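Working notes for the structure below.
The values are calculated or read from the model by the stated rules, or taken from the named source; none is laboratory data. From a predicted model like this one, the values you see are computed outputs, not experimental measurements. Note that we place each Cβ from the backbone using ideal geometry, even for glycine, and neighbour counts take in every protein chain shown. With ligands, DNA and RNA removed, areas are computed over all heavy atoms of the protein, side chains included. Shrake-Rupley method; radii C 1.70, N 1.55, O 1.52, S 1.80 Å.
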Amino acid sequence: MSLVQRVTPIEGSDFEPPAQLEGLFNPQSTPRTQGYGTITTPNNYSLHHRPSVSHSLRHKRSLRTVLSYDAFPKPEEPSQATNPSGGVTAYKVSTARRIAQVCFTVLACWLASGIVFGFAALKPVLVDTGVYRQYCTAEELAEDIDVCYEQELRMNFFFAIASTTCNVSALPVGTILDRYGPRVAAVIGSICLAIGTLLMAFAFYIPEFDGYIVGNIFLALGGTFIFVPSFSIANAFPKASGLIVATVTGAFDASAAVFLFYRLSYEASGGTFTPEKFFFGYLIVPIFIFVGQFTLMNEDAYKTVPQYEAKLEKEQDATRDVHDSDEDMSENEVRKLRNKRRFHRESKIQEIDRLLGDADERHQREEKQEDRLIKSGVWGVLHGKTATEQILTPWFVLITLLTVLQMLRMNFFIATIKAQYRAMLGSRILARRINMFFDVALPIGGIAATPFIGLLLDHTSTATMLSVLVALITAVGVVGSLPYLWAGYLNVILFVLLRPLYYSAMSDYAAKVFGFATFGRVYGCIIALSGLVNLFQPAIDAMDHDIFDDNPIPVNVVFAALAFVFGVALVAYVWWQGRKVTQAQEAQMAEYERYRIIPEEDDEISNLNLRS
């Protein structure tokens, strides 16, 4: 399971620390550059400008920004996420081409982004073709057991290393995406995918060549390089960006079914559709992605909504129709030229309105976003702080502990589901049934759960959302420890619902608590730690075999107990801090409103200081 599976919306609002807002009320303040993480402040601010800042406090204390994936920013250089430049203007590209680009991106994600997480479906093929069978002892071979201990251990490590690669690689992938754009990232992804495919094909074709682990690493790396840049395509249709992000995410979930479809084909062919044939044929996917990047996709990403908003504000300035050079022309020429300029300026406004929606639509979206942020109860609590300061807080430590544990637990379940239920139910046939049910439910569950996840994140506080999450985690832990067939099916259902909810909730938590500007560093640190700890999965397999005699119940009980303890601690802390945040925001609102409605002189306004 990879934490890069789900992200929050690609753009949103970060809380602006009070010290940075003093310029709004200072008539001598210097204008700041319009862009991500900045507010344009006029030099001549006075009492006459009060209506322009008479909106809610939350509106005046938030900054439009985009998700920064860069985990290694250069302090001396502004990042593309916080200070955008370039980008393709969406309305200059035909609607048909943009639709084709969205379809291409979704298809690429479905075919390549997360296929390594279909390991549970591929594993029976690995076993049937004798992968790592040479490591079985003579006694185990004589007993003709399905999977011997060393074979099981190596195949599980085969999956663990791929999962770790997905998470750790998100750090360099995000940095490359922010600095060089989506085409470079996708091209690197297609090359990695091709290398991984060839290594896997030759590993099956040449028994003496052990290229399974290295091949799977490249498949995982290629998937991350293809998936992470895919979210930028949402800016092709800003009004439908939420739907596009959800569709791309759903494609990642569905990609786990690639190996399922292959396994079904393998079984239907009676084993004649061998793995090497599949992987040699799969080469068409990275070739398709590579060619598509240069024939259909743009070299650069589309401009973001904040960029359009800045452009819209500029185009609405009618004084731009007047140039100093007009004085050298006749009155008739000036009139024609200014009308031409006005027509050109208004045509751009119309194009942006068609792209983003008119003023009313934009206002409604902003109000909805504000309500969602305030409802969370924790929005902005650490915004404006450095990534180092954020990492040293309980907000980071608690969520990291829970995430590391869940990562290890989920991947352990994916890798060992059949072995677990073979031991608990004492039946190979029943264990195979649960494994097959899981293979189908895994991709479907992520897609089916997406609408409900959106409703939960949009309409509940972060503390409530985490409470639901901890309850579901506990339920999975309890049901997963019961040695009954009905419990096995119920465990699979709860697991495939928990998986997308957990990662969506974690990225949502990170954006609201830590902010979009430091998302790449802080969230990247969480996923990297989780991926590295996942390397201990073979040690858990060994402990399960050596200490508990292949009985997974003790391990599952320990996982459930620790998750409950960490989860309750996180919920309690967020609830407690959320109350403090709400009280502070209410106090700030009252103070802001008091200063706003009291008539004061300009010199008094310039000394106004909003206390945090």
Distance (nanometres) between label positions extended 7 Å along Cα→Cβ at I284 and I553: 4.9
Solvent-accessible area of K368 with every protein chain in place, 1.4 Å probe, in Å² to the nearest 10: 140
I444/A590 FRET efficiency (R0 51 Å; Cβ-Cβ; nearest 0.05): 0.55
Near-label residues of the stretch 530-561 by backbone N, under 14 Å of a point 7 Å along Cα→Cβ of R428: none
Net charge over other residues, Cβ less than 15 angstrom from the Cβ of D317 (K, R count +1; D, E count -1): +3
Gain in span if fully extended, L532 to S269, counting 0.36 nm per residue against the direct Cα distance: 90.8 nm
√(5λ) per eigenvalue of the Cα gyration tensor, the stretch 170-270, largest first, Å: 30, 19, 8
Distance between modelled label sites at Q583 and S347, nm, 7 Å Cα→Cβ extension: 5.9
Additional length obtainable on full extension of the chain from C103 to T319, 0.36 nm per residue less Cα span: 73.6 nm
Fraction in percent of alpha-carbon pairs per bin - 10 Å, the stretch 422-522: 14, 38, 29, 14, 5, 0
Carbon/sulfur fraction of accessible area - the stretch 204-355, other protein chains in place, 1.4 Å, %: 59
Theoretical FRET efficiency, 1/(1+(r/R0)^6), r = Cβ-Cβ of Y489 and D144, R0 30 Å, to 0.05: 0.55
Ratio Rg/Rh, restricted to the stretch 207-361 and using Cα atoms, in which Rh is the Kirkwood radius: 1.26
Residue-count net charge about Q390 - beta-carbon cut-off 14 Å; Lys, Arg +1, Asp, Glu -1: +1
Computed log₁₀ I(q)/I(0) - Debye formula, equal Cα scatterers, no solvent, the stretch 156-198, q 0.18 Å⁻¹: -0.60
Residues of the stretch 98-126 with amide N under 19 Å of a point placed 7 Å along Cα→Cβ from L296: 98-115
Over 21 Å [Cα-Cα, the stretch 330-473], rounded percent: 71
Cβ-placed point charges (K, R +1; D, E -1), dipole of the stretch 355-510 about Cα centre in debye, nearest 20: 1100
Candidate lysines - alpha carbon under 24 Å from K368, same-chain residues fewer than 8 apart omitted: K60, K239, K303, K311, K512, K580
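Taking a temperature of 4 °C and a viscosity of 1.567 mPa s, what whole-number D in µm²/s does Stokes-Einstein yield for the stretch 475-545 with Rh from Kirkwood over alpha carbon pairs?
Approximately 89 µm²/s, per Stokes-Einstein.
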Spatial separation of Cα centroids for the stretch 115-159 and the stretch 552-571, in angstrom: 29
